[in-house]
Structure formats: structure tokens, C-alpha cells
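Heads up, the thing below is written out as C-alpha cells.
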């Protein structure tokens with residue numbers, strides 16, 4: 001196996017030149033494949049263009065685009081030239097884009113269209129970004145000013161780099177394992193994003209773990225859908241580095257709302273979803289199942305009942321035997337398999353969830369449909385995976401995130417922090433020695449997560465150190481488990497527990513626009529649903545149930561139903577759907593103050609709060 005990802009791509013292109021590598025949907029609506037040979041050639045041409053433009057090894061190249069073939073080509077081409085690709089979330093605003101480009105000192109940025117270039121141009125024109133920054137636009141016909149000399153069409157850039165194969169080969173051959181390969185900018189849930197430096201060794205070593213954690217190992221017969229932001233390490237590791245390493249095709253899906261259309265075409269064998277994606281699937285499926293009548297409804301109830309009974313055995317040991325096993329096989333033939341086929345998941349062999357905690361109710365729901373969700377735990381600083389619930393009997397356990405990836409060491413510090421050491425651990429933060437020194441200590445990554453390891457090596461994550469709530473009474477409360485329980489309430493989309501330095505805990509809850517209307521037939525407006533007596537009473541009963549499982553100091557005394565949806569565009573969520581607590585705290589300060597009337601300052605407005613208990 002080649003020592004670097006770009007070398008693996010070039011070898012793959014030579015070995016399987018005609019096999020499909022990237023599937024994209026054209027303007028005609030049909031799917032078109034880019035072969036491994038074409039993929040390698042275009043990445044080589046991009047690398048040649050960087051060399052022609054004077055981009056030196058170690059210099060950053062920004063990529064500001066939704067998921068598409070050009071994103072992958074730019075990333076691999078940058079790596080082949082010894083440059084450092086830097087993915088930028090396409091949902092970021094001008095100031096945020098300027099921050100990343102300034103911080104990584106990129107001189108060239110690949111942009112999807114005129115709207116994305118406008119962010120860069122605005123920053124340059126406003127003197128917030130160096131005037132020397134140039135752009136390569138993938139869709140040049142969308143430019144507001146086609147004559148802008150600061151941009152070149154992406155296709156023209158590839159033509160510019162053709163004929164430099166020898167120079168590119170020399171650059172790729174000169175790469176050292178410890179050379180920086182890419183910068184992954186953290187989502188900034190608690191502050192300014194940091195640039196995580198991953199080396200060529202980090203990427204190649206971690207991608208190579210696929211053969212150790214997926215059984216059988218990935219290969220050309222597998223397929224994936226790339227739809228999560230490629231700026232995020234999880235999607236980048238799978239869609240770029242793992243796909244190249246094992247030679248399976250990637251189907252690109254530019255937007256999350258297109259996923260339901262792409263899945264039936266791609267029929268992926270490996271599928272990664274953040275918990276919010278699985279929750280949306282669950283809501284949609286529950287709605288569809290609720291519409292069944294007669295024999296079909298009876299079959300669904302019976303099959304899901306069998307799935308629920310067999311689930312714990314399937315999760316830990318694999319398909320059951322005996323009478324339950326026979327029932328499970330029949331349920332699979334009559335119900336589970338046809339349902340998976342409708343979803344485009346009939347070939348699915350590994351369903352992965354990660355990037356945030358998964359509610360046990362979600363895991364059990366999919367188990368009742370014959371789908372095991374394999375949890376992965378990690379972070380950008382660990383090149384993605386630290387532990388994984390492998391798809392083999394005995395390697396999965398409810399409530400855990402699996403066992404450490406082979407070759408990765410995990411220990412729990414005295415204060416409960418999860419510490420990681422291995423070939424996946426990053427080299428440090430770009431231009432931030434202080435943050436590096438406090439996070440990377442004696443070769444151990446101090447993750448910032450709290451957890452525990454049982455006697456069989458299964459890791460459980462109990463919360464984030466920075467999220468720990470210390471009440472006015474001095475009680476320490478990890479909000480993660482409580483929030484997961486609140487999110488499991490039918491109709492609730494997001495939950496944020498409040499209470500640091502307060503007398504008691506409270507919660508902000510948002511309603512799911514698909515599930516909540518079922519609680520009050522005829523009412524669809526979120527604002528009306530948040531005030532509907534039936535909805536409030538339903539949530540109240542459910543919160544009481546959650547409180548029954550908590551000690552008194554960890555019970556939710558009041559909650560507010562917010563008549564809004566949290567979103568990345570609204571600033572409350574990261575692009576991978578994690579809640580930005582700092583943003584929520586600031587944006588809904590008046591609502592939060594309203595949940596503590598005894599502490600409320602005069603003149604502060606709030607939404608009506610709902611006392612519990």
C-alpha cells in the first residue's frame with residue numbers, strides 16, 4: 001500500500017483506470033461516472049496548475065463548495081502537489097470565510113459558484129483579506145462579474161496544469177510522513193475555530209484502519225454517499241481517504257435535502273449519518289408507518305415487535321437462533337428487506353453514526369427495523385475515529401461507542417477525561433502553540449470529553465468537560481444524557497439544558513416540524529404548536545418521566561418550547577448538526593432568564609415558560 005493518499009490515487013488510477021470512482025448527477029438529471037483514471041488525471045492536472053502558479057509545498061489551498069467531484073479533485077490535487085487543502089463550510093458568512101482564509105494564509109481558493117466567490121471578493125474589497133487571493137470557480141457562468149481577473153474557471157485551471165505530470169510526480173514522491181497534509185477547522189461550538197494540522201501519516205494510517213474495523217474490509221464492490229460537509233473530518237476521511245485507499249465509488253450529494261433522491265440511485269453499502277440525520281429518518285419512517293392500514297399495518301407491527309425482541313441479541317451476538325431466529329428471518333423477508341429497498345439501503349452492510357451522541361431510542365428504533373447503527377467516536381484531532389462499534393458479533397454494546405480502533409490507545413485521566421494516543425493523533429493546531437500544548441501532552445491527545453472504559457474495553461462518553469454544569473448548590477451535572485432523553489420525546493427536535501451557577505436546571509426545547517404536528521392535528525405552525533395545550537401537556541408528561549430517572553438536583557424544573565428550528569444558517573447548529581451552546585445562550589438569553597423568575601431582572605422580556613412537576 002502506498003505511503004500517502006495521493007500516491008494511492010495515482011496507483012489506483014493506473015491499476016483500475018476504467019472503474020467508476022465518483023458518481024455525479026448532471027444537468028440532465030442522469031448520473032455520470034468519473035473513472036479512477038480520470039480522477040487521477042484531473043487531480044494531477046490540478047496539482048500541475050498549483051505548481052505553475054507558484055504554490056509551494058506546505059501552502060494552503062481553500063475549497064469553498066458543496067460536495068461535488070471538483071471538491072475531491074481539488075483536495076487530491078493539492079495533496080499531490082504537497083499543498084495543504086483547507087475545506088471551508090459553504091454555509092459560512094463572509095467574515096467567517098475571511099477568518100479561515102487569513103488564518104491558513106491561502107492564496108488560491110476553489111469556489112463553487114458566483115455566490116461563494118462574492119464572499120471572498122467582498123472580504124478582499126473590504127480589506128479584510130489580502131488582495132492577492134485568487135479564485136477558481138467551478139460554475140463560472142454564475143459569476144456576477146465574468147470579467148473579474150481575479151478568478152479563473154476550474155476547467156481552465158485544469159487545462160493550465162496539464163503536461164506537468166513529471167513535476168507532480170516529483171512533488172508527490174518527495175512527501176514525508178510528518179509533512180502537514182491538511183487543515184481541518186473545528187466547528188467552533190465554544191469559540192473561534194482552530195486549524196487542526198493532520199499529516200500525511202495521519203491520513204494514510206487512519207484510512208488504513210478500515211481493513212481492521214469493517215468486516216469484510218472495504219473494496220471496489222462497496223459504495224458510499226458523500227453528503228455531510230467535506231470540510232468535516234468524518235466525511236473527508238471516508239469520501240476522500242478511505243475511498244481512495246480501498247477503491248470504492250463515491251456518489252456525491254450536494255445538499256442534505258437531496259439525500260432521499262440519491263440513496264435509491266447509489267444503494268450504498270457503507271453509510272455515515274450524524275444523529276440528526278438518523279432522527280429525521282426515524283420521524284419520516286414513523287409517519288409512513290403510521291399511514292399503513294389493514295394487513296400492511298398488522299405486518300409492520302408484528303415485524304417491528306420481532307425486531308425489538310431480537311434487537312439486543314442482534315446488537316451483541318448477531319442474528320438469533322431458534323424460534324425467534326426463524327421469526328426474525330421471516331420478518332426480514334416480508335418487511336425489513338422491502339423497506340430497506342425503498343430507502344435505497346438494500347445493499348447496506350455498515351450503518352455508521354457519529355459526531356454527536358445517539359439517543360438509545362433511535363438505536364432501538366432502527367434495530368426494530370433490522371438495521372444496526374454502529375457508533376464511531378472521535379474528533380478532528382484524531383483524524384476522525386478513536387473507537388468504533390465494529391460490525392462483528394461481540395464488538396457492539398448498547399450505551400457505548402465501541403472499542404478503540406486497533407493501534408489506538410485510550411486511557412481515562414484522573415478527572416475522567418478521555419485521552420488518546422496513536423497514528424491518528426494530530427500534529428497540533430496551526431499557529432496556536434498554547435492550545436497545542438494544553439491539548440497534546442506527552443503524545444496524548446486530551447480530548448475534552450469525559451468517559452469511562454469497562455473491563456472489556458468498551459468506551460462510554462459521558463459528556464464534555466466544557467459543558468459540565470455546576471449548579472448554585474455545587475452539584476456537577478453532565479447535560480448530555482439528560483439532553484438525549486429530552487430529545488427522545490416525541491415531537492422534540494433539540495434540547496439544551498441550562499443551569500450553570502443557577503439554583504436549578506431548565507431546558508430549551510425546539511419542536512420537530514415533521515413530528516410535532518401529529519401531536520395537535522390541524523396545527524402546523526411552530527409558534528402555534530409551542531403554545532398548544534395538548535402539545536405542552538404532552539411534553540410536560542414526558543419531562544416528568546425524564547425527571548423520574550434523575551436525582552433531584554439533575555431534574556428539569558422549567559422548560560420553554562421555542563417556536564423556531566435550530567439550523568446552521570441560523571447559527572445555532574454546526575454544519576454537522578451539533579448545538580452551539582454559546583450561540584444558543586446568547587441568542588435566547590431573554591428566554592433563559594424567563595425560566596428563572598426569581599433571578600429575573602426587571603425589563604427583560606421572555607417567552608412564556610412552562611413550569612414542570
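Take every pair of alpha-carbon atoms less than 8 Å apart whose residues are at least six positions apart; their mean separation over the length of the chain yields a relative contact order of 10 percent. Would you mind pulling out the separation of the Cα centroids of the stretch 279-312 and the stretch 21-66, in Å? That distance is 43 Å. When a/c reaches 1.5 or more, the comparison of a/b and b/c decides; with that in mind, is the stretch 468-611 rounded, prolate or oblate per its Cα gyration tensor? Note, shape of the stretch 468-611 comes out rounded. The angle separating the long axis of helix 94-104 from the principal Cα axis of greatest extent in the chain is about 60 degrees.
Quick one: angle between helix 114-125 and the longest Cα principal axis of the chain, in degrees between 0 and 90, rounded to 10, please. Rounded to the nearest ten degrees, it is 80.
Using the alpha-carbon centroid of each, what span in Å lies between the stretch 415-482 and the stretch 347-412? Each part's Cα centre sits 18 Å from the other's.
Highest-first packing order for the peptide set 260-270, 349-359, 453-463 is 349-359, 260-270, 453-463, based on the mean count of other beta carbon atoms within 10 Å.
Using the Cβ-Cβ distance between residue 524 and residue 465 with R0 = 41 Å, the FRET efficiency computed as 1/(1 + (r/R0)^6) comes to roughly 0.50. In the calculated pair-distance distribution of the chain, the portion above 33 angstrom amounts to 48 percent of the Cα-Cα pairs.
Rank these for me by crowding, 372, 401, going from fewest to most other beta carbons within 10 Å.
Numbers: 372 17, 401 27.
By the 10 Å Cβ count, ascending, the order reads 372, 401.
Quick one: compute the contact order of the stretch 413-564, relative version, from alpha carbon pairs under 8 angstrom and 6+ residues apart, as a percent.
For the stretch 413-564, the relative contact order is 16 percent.
Shape analysis of the stretch 201-273 places it in the oblate category; the axes a ≥ b ≥ c from the Cα gyration tensor give an a/c of at least 1.5, with a/b not above b/c. Against the chain, whose longest principal axis is taken from its Cα atoms, helix 5-15 shows a tilt of about 70°.
Out of all DSSP beta bridges with both ends in the chain, state the antiparallel percent to the nearest 5. Please list the in-between numbers first.
On the way: 43 of 78 bridges.
Around 55 percent of the beta bridges assigned by DSSP in the chain are antiparallel ones.
Computed from the C-beta positions of residue 141 and residue 255, the FRET efficiency with R₀ = 22 Å rounds to 0.65. With the highest mean first, a sort of the peptides 32-40, 173-181 on other beta-carbon atoms found within 10 angstrom per residue produces 32-40, 173-181.
No lab work stands behind these numbers, since they all come straight from the coordinates. Everything numeric here is computed off the predicted structure, so don't read it as measured data. A quick note on method: Cβ atoms are made from the backbone with ideal geometry, for glycine too, and the neighbour counts reach across all protein chains shown.
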